[in-house]
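Peer 1: Handing you a structure now.
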2 protein chains.
Amino acid sequence: MERYLENTKVFKALGDPKRAMIVDMLSCGELCACMILEKFEMSQSTLSHHMKLLCECGLVKGREQGKWTYYSLDTDTVSRTKQFFSALTSDKGSCICKEGAGCCKGCDENE
Amino acid sequence: MERYLENTKVFKALGDPKRAMIVDMLSCGELCACMILEKFEMSQSTLSHHMKLLCECGLVKGREQGKWTYYSLDTDTVSRTKQFFSALTSDKGSCICKEGAGCCKGCDENE
DNA sequence: ACCTCAAATCTATAGGCTTCGATATGGGTA
DNA sequence: TACCCATATCGAAGCCTATAGATTTGAGGT
């Protein structure tokens, strides 16, 4: 189960539409927190909390410069997460879970 | 913001490690609910609840046959979600959010 | 018709999440 | 040093979610 937790944190972070939108905004390039705040109707403390979650899951990196904090995407995490979906549609047919053999990609770690 | 909700539901569903694991198991092929239940320490009602969420977000399809319900991945939804991550690492440089122009992929729908 | 079994639904509860206002931190500036 | 301003953190309120037990539904077998 532990092997899923890394991706799970990313998915939890993206499970909030505002955070998904922030990530999308950052795909265009680095942004200062105050610029992100301008785009939303939320308090500064709420945005700060969202950015913390996005950083903690690895999707976003923060860079402090003077009074300001600039945020940008961590493309490594984006790629890793994307691979989760690639794996779902590949490697088919090798599993005999139907026979209850505990053989599939996730079975091993559940005992 | 609305354009994100479809993906948001998928991410929320995958934000639970057990559900992420179930999805991974299903990538090996169709499975009966009772077979999935064998792999986890959870009650039948809890599994049923998880499967309902996975179906509602479109990641999983259910097929009833007699007393049993077989679940499988909806590869269309998997592909669509994967594209969300592809978009994050492409189309760079076209955004002038840094000037606060409200131009990025998500900005338009936030006013 | 009755019983059995798989699955879904109902109900309640405990824990987590989002949000805000208030406060703290820490850099720049006068 | 004293004062702004951008962020981060704290604490509380309300909402959402995960979970299990009990019940219901519905298909198959006796």
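Peer 1: Considering every residue in A:66-75, what mean count of other chain Cβ atoms within 10 Å of its Cβ is obtained?
Peer 2: Working: counts 0, 0, 0, 0, 1, 0, 0, 3, 0, 4.
If you average over the peptide's residues, the count of other-chain Cβ atoms is 1.
Peer 1: Fewest first, what order do A:Leu54, A:Leu14, A:Leu47 take by the number of other Cβ atoms within 10 Å? Please report the intermediate quantities before stating the final value.
Peer 2: Numbers: A:Leu54 25, A:Leu14 28, A:Leu47 18.
With the sparsest Cβ surroundings first, the list reads A:Leu47, A:Leu54, A:Leu14.
Peer 1: Taking neighbour Cβ counts within 10 Å as the exposure measure, how do A:His50, B:His49 sort from fewest upward?
Peer 2: Details: A:His50 19, B:His49 12.
Listed from fewest to most nearby Cβ atoms, that is B:His49, A:His50.
Peer 1: Between copies, how far does the label point of A:Glu30 sit from its twins, in nm, shortest first, when each point is 7 Å from Cα along Cα→Cβ?
Peer 2: Distances to the matching label points in the other copies: 5.2 nm.
Peer 1: Please report, for B:Ser72, the nm distances (one decimal) from its label point, 7 Å out from Cα along the beta-carbon direction, to the equivalent points in the remaining copies, shortest first.
Peer 2: Copy-to-copy label distances at B:Ser72, shortest first: 4.4 nm.
Peer 1: Just to confirm the numbers: A:Ser48, label point 7 angstrom along the Cα-Cβ line, distances to the other copies in nm, shortest first?
Peer 2: Taking the point 7 Å beyond Cα along Cα→Cβ, the inter-copy spacings are 4.6 nm.
Peer 1: Let me ask you something else. Just to be sure I understand the model, the point goes 7 Å from the Cα along the line to the Cβ. What's the resulting B:His49 to A:Glu38 distance in nm?
Peer 2: 4.4
Peer 1: Something else: Would you mind checking B:Lys39/B:Lys82; A:Lys61/B:Lys52; A:Lys9/B:Lys9 for any pair whose Cα atoms are more than 24 angstrom apart?
Peer 2: On the way: B:Lys39/B:Lys82 27 Å; A:Lys61/B:Lys52 35 Å; A:Lys9/B:Lys9 15 Å.
B:Lys39/B:Lys82; A:Lys61/B:Lys52, as the Cα separations exceed 24 Å there.
Every number here is computed from the coordinates shown, using simple stated rules; none is lab data. Quantities reported herein were computed from a predicted structural model and do not represent experimental measurements. Here the Cβ is made from the backbone with ideal geometry for all residues, glycine too, and neighbour counts use every protein chain on show.
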